[in-house]
Amino acid sequence: MTIQPGEIGHIIQLAIAPVFLLTGVGTNMLVLTNRLARIIDRTRVLEERLEEGAPSITAKARAGAFDELDVLFRRAKKINRAIFLSTFCALLICLVVAVLFVADALDLRLVTPIAGLFVLALVSLTGSFIYLLREVLLATEFQDSLRQRMIRDNTP
């Protein structure tokens, strides 16, 4: 079977929407990896502080650092899950585009598999956003607990 130039244009038109979604997923992954990098940076600072100043750090400061490390590890786990789901979404979108091309070029009826892949990609992206939201809430809760602790400790 030979593909005519007009058919190629039609195939490209079909693939435009998933490609735009892929751009958004890439932007989401950039946000997620930046958040993970910040978490890793803060973790390294705390670990170095604990290792280098072990004898001079008060028990209260040491406990606070370990509490923060615990929250950072939990945040990192949520961001890693979000990155996994975003990556899975991107792979599914690439499959949608590839199957669209193959189905249109070979005149195959693959509407159900294409729709299934696309819905699965959106479910994966939704899961990624949920994990991002959970990570942001965890970070905000920790910041709020630090603020409450500072207020309580500095109250006469």
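Take every Cα-Cα pair in the chain and report what % of them are more than 20 Å apart. Cα-Cα pairs in the chain separated by more than 20 Å: 63 percent. In a reduced charge model with +1 at each Lys and Arg Cβ and -1 at each Asp and Glu Cβ, the chain shows a dipole moment near 520 debye about its Cα centre.
Using the Karplus relation 6.51 cos²θ - 1.76 cosθ + 1.60 with θ = phi - 60°, the per-residue 3J(HN,Hα) values for the range 125-142 come to 5, 4, x, 4, 5, 5, 5, 4, 4, 4, 5, 5, 5, 4, 5, 5, 4, 5 Hz, with x marking Gly and Pro. In terms of surrounding Cβ atoms within a 10 Å radius of their Cβ, SER56, SER124, SER145, SER86 rank from fewest to most as SER56, SER145, SER124, SER86. Of the peptides 91-100, 109-118, the ranking by mean beta-carbon count within 10 Å, highest at the top, reads 91-100, 109-118.
Under the simplified labelling scheme, the ASN154-PHE20 pair shows an inter-label distance of 4.9 nm, with each label point 7 Å from Cα along Cα→Cβ. In terms of surrounding Cβ atoms within a 10 Å radius of their Cβ, MET150, MET29 rank from fewest to most as MET150, MET29. Label point of LEU122 set 7 angstrom out along Cα-Cβ; within the range 90-111, amide nitrogens under 19 Å from it belong to 90-100, 110-111.
Computed from backbone phi with θ = phi - 60° and the Karplus coefficients 6.51, -1.76 and 1.60, the 3J(HN,Hα) list for the range 23-39 is 5, x, 5, x, 5, 4, 5, 5, 4, 5, 5, 5, 5, 5, 4, 5, 4 Hz; x is used for glycine and proline. Quick one: net charge around GLU48, please, counting Lys, Arg +1 and Asp, Glu -1 for every other residue with C-beta under 15 Å from its C-beta. That works out to -1. Computed from backbone phi with θ = phi - 60° and the Karplus coefficients 6.51, -1.76 and 1.60, the 3J(HN,Hα) list for the range 92-105 is 5, 5, 4, 5, 4, 4, 5, 5, 4, 4, 5, 4, 6, 5 Hz; x is used for glycine and proline.
Counting only other residues whose beta carbon sits under 13 Å from that of LEU133, what net charge do I get with K and R as +1, D and E as -1? For residues surrounding LEU133, the net value is +3. Taking the helices alone, the chain has a mean residue ellipticity at 222 nm of -33000 deg cm²/dmol, built from -39,500 (n - 2.57) per DSSP H run of at least 4 residues and averaged over all its residues.
The numbers here are math on the coordinates, done by the rules we state, and not lab data. Keep in mind it's a predicted model, so treat the numbers as computed, not measured. Cβ: placed from backbone, ideal geometry, glycine included. Neighbour counts: every protein chain shown.
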